[in-house]
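Please read the structure below before turning to the comments.
The values are calculated or read from the model by the stated rules, or taken from the named source; none is laboratory data. Quick caveat: nothing in here was measured; it's all calculated off a predicted structure. With ideal geometry, Cβ positions are generated from the backbone for all residues, glycine too; neighbour counts draw on all protein chains shown.
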Amino acid sequence: MTVQSSTDSHAAIASPVFVSGSLSIGRLPFPVTSRLCTILDRRIPVLIGDARGADAAVQRFLADQASTDVTVYSADPMPRTNLGNWPIRVIPSEARKGTAAYHAGKDRAMAADAGSGFVIWDGRSRGSLANIHRLCARYCFIVVWLAQEESFLTLRSDAVREEFLKAHPCRVQ
């Protein structure tokens, strides 16, 4: 998670983190909430989608923590989930509503707007994997929670990102 120096020695401007996750993950384990607390402690802005599953679980956690530096990205002016009544960034879509393609534009926008990523992945979700690929394409620092292994994988170098991408090819972009 990159933090850039500011001219004010008491403040830092942090580039946002794109928090993404699988629809199948409805509860956040302690290691994930601990990482989220670190993001909050460092005052790193959070970009998050409006889906059920991990998005909603992270939103619930952030709302419980009274987080204010959160932006919800949605393909619709009325997001499916916005538990903290945070600002919304609408990314309109021409794809058929309710499809993965309908929401892919907002995911691409979050990956483009973020300086780093935190992905809570079930090991199967093609959307979460696509988000990892999008962030890797921008050479971002990415922390992946591998739910099946109950462990973190940190993609911080080109070599580690390349190894991950080879092991987990993606057809969704």
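For segment 27-72, residues that are buried (at least 21 other Cβ atoms within 10 Å of the Cβ), acidic (Asp, Glu) and either touching a Phe, Trp or Tyr at 6+ places or on another chain (Cβ under 6 Å) or in a loop (DSSP other than H, G, I, E, B) (or both) total 1.
For segment 127-155, how many residues meet the condition of being hydroxyl-bearing (Ser, Thr, Tyr), buried (at least 16 other Cβ atoms within 10 Å of the Cβ) and farther than 22 Å from residue 61 by Cα? Going through segment 127-155 one residue at a time, the tally reaches 0.
Picking from 108, 80, which residue would you name as being outside any loop (DSSP other than H, G, I, E, B) and at pLDDT 95 or above? Don't jump to the end; show me each part of the working.
Details: 80 fails: outside any loop (DSSP other than H, G, I, E, B).
Criteria check complete, one pass: 108.
Can you confirm whether residue 124 is part of a loop (DSSP other than H, G, I, E, B), among the basic types (Lys, Arg) and surrounded by fewer than 19 Cβ atoms within 10 Å (Cβ to Cβ)? Criteria met by residue 124.
Given the criteria at pLDDT 95 or above and within 30 Å of residue 148 (Cβ to Cβ), does residue 60 qualify?
On the way: at pLDDT 95 or above: yes; within 30 Å of residue 148 (Cβ to Cβ): yes.
Yes: the conditions hold for residue 60.
Being small (Gly, Ala, Ser) and within 11 Å of the chain's Cα centre (by Cα) is true for just one of 159, 111, 130, 147. Which residue is that?
On the way: 159 fails: within 11 Å of the chain's Cα centre (by Cα); 130 fails: within 11 Å of the chain's Cα centre (by Cα); 147 fails: within 11 Å of the chain's Cα centre (by Cα).
Of 159, 111, 130, 147, the one residue that is small (Gly, Ala, Ser) and within 11 Å of the chain's Cα centre (by Cα) is 111.
Scanning segment 87-119 for residues being surrounded by 19 or more Cβ atoms within 10 Å (Cβ to Cβ) and either closer than 21 Å to residue 61 by Cα or among the polar types (S, T, N, Q) (or both) gives a total of 7. Taking the criterion of being under 17 Å from residue 45 (Cβ atoms) and not in a loop (DSSP other than H, G, I, E, B), the residues of segment 83-92 that qualify are 88, 89.
Residues of segment 136-169 being among the charged types (D, E, K, R) and in contact with a helix residue (DSSP H, G or I) (Cβ under 8 Å, 6 or more places away or on another chain), which ones? Steps first, answer last, please.
Initially, segment 136-169 is screened for residues among the charged types (D, E, K, R), giving 138, 149-150, 156, 158, 161-163, 166.
Listed by number, the residues that qualify are 138, 150, 161.
Can you confirm whether residue 95 is of a type in the set (A, V, I, L, M, F, W, C), part of a loop (DSSP other than H, G, I, E, B) and free of Cβ contacts under 8 Å to residues at least 24 places away in the same chain? Walk me through it before giving the result.
On the way: of a type in the set (A, V, I, L, M, F, W, C): yes; part of a loop (DSSP other than H, G, I, E, B): yes; free of Cβ contacts under 8 Å to residues at least 24 places away in the same chain: yes.
In short, yes.
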